[in-house]
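Bear in mind these aren't lab numbers, they're just calculated from the coordinates by the rules spelled out. Predicted model, so just to flag it, every value in this text is computed and none were measured. Glycine also receives a Cβ, built like all others from the backbone with ideal geometry; neighbour counts cover every protein chain displayed.
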Amino acid sequence: MKVVSVVGMVGSGKSEIARFFSAKGFTTVRFGDITDEAVKQQGLPLTEENERPARERIRREHGMAAYAKLSIPRIDAALQRSNVVVDGLYSWEEYTFLKDYYGDRFMVVAVWSAPQDRYRRLSHRKVRSLTPQEAAGRDHAEIENLNKGGPICMADFTILNNGSIGDLKKQVERIVARLR
């Protein structure tokens, strides 16, 4: 069984790619669920202004590999049934933790989209929409504070999400075929 983790900047298409993997029989584990649960426990709405402090607090308390460490029980349980796709790898530390833990069973798919395309998508997104300014701020925070560039550079596969949803799906199908 494989653990395939999807990494990319906000609005690049990570969740869409995870859905395509799920349709191919992969169980999805979403790192962002940890943030959502932390925000909900505080009785706050899921907004960027509430999520960012929660993410930062989780990493202060558990280290920069926090989301990977906290997700191991869910990933391991899912691996008993199927391959797993992790939606939302963020940091170099998460990458190295998962690579050390799962070894050759761990693979990374990076997804890239131009900032202007991502910002446009995010401004129209029904859930967790962001203004271009909020998205740019999140980009800078993820690059500067989360060491997000490393996992993108070390990816086993790269998807360019600058075309149609059909093009995106075809790229995922090619990756799934190579993993089998």
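Here are a few things to note about the model shown:
- Answer from 40, 2, 24 - the residue that is within 17 Å of residue 170 (Cβ to Cβ) and more than 13 Å from the chain's Cα centre (by Cα): 24
- Residue in the stretch 10-22 that is among the hydroxyl-bearing types (Ser, Thr, Tyr), touching a residue at least 60 places away in the same chain (Cβ under 8 Å), surrounded by 18 or more Cβ atoms within 10 Å (Cβ to Cβ) and in contact with a Ser or Thr (Cβ under 6 Å, 6 or more places away or on another chain) present: yes
- Among the criteria (1) surrounded by 14 or more Cβ atoms within 10 Å (Cβ to Cβ); (2) under 17 Å from the mean Cα position of the chain (by Cα), the one residue 132 does not fulfil is (2).
- Test: residue in the stretch 34-46 that is of a type in the set (D, E, K, R) and either in contact (Cβ under 8 Å) with a residue 24 or more places away in the chain or touching a Lys or Arg at 6+ places or on another chain (Cβ under 8 Å) (or both): no
- Within the stretch 75-114, being exposed (fewer than 15 other Cβ atoms within 10 Å of the Cβ) and within 24 Å of residue 164 (Cβ to Cβ) holds for one residue alone: 114.
- Test: residue in the stretch 130-150 that is in contact with a Phe, Trp or Tyr (Cβ under 7 Å, 6 or more places away or on another chain) and part of a loop (DSSP other than H, G, I, E, B): yes
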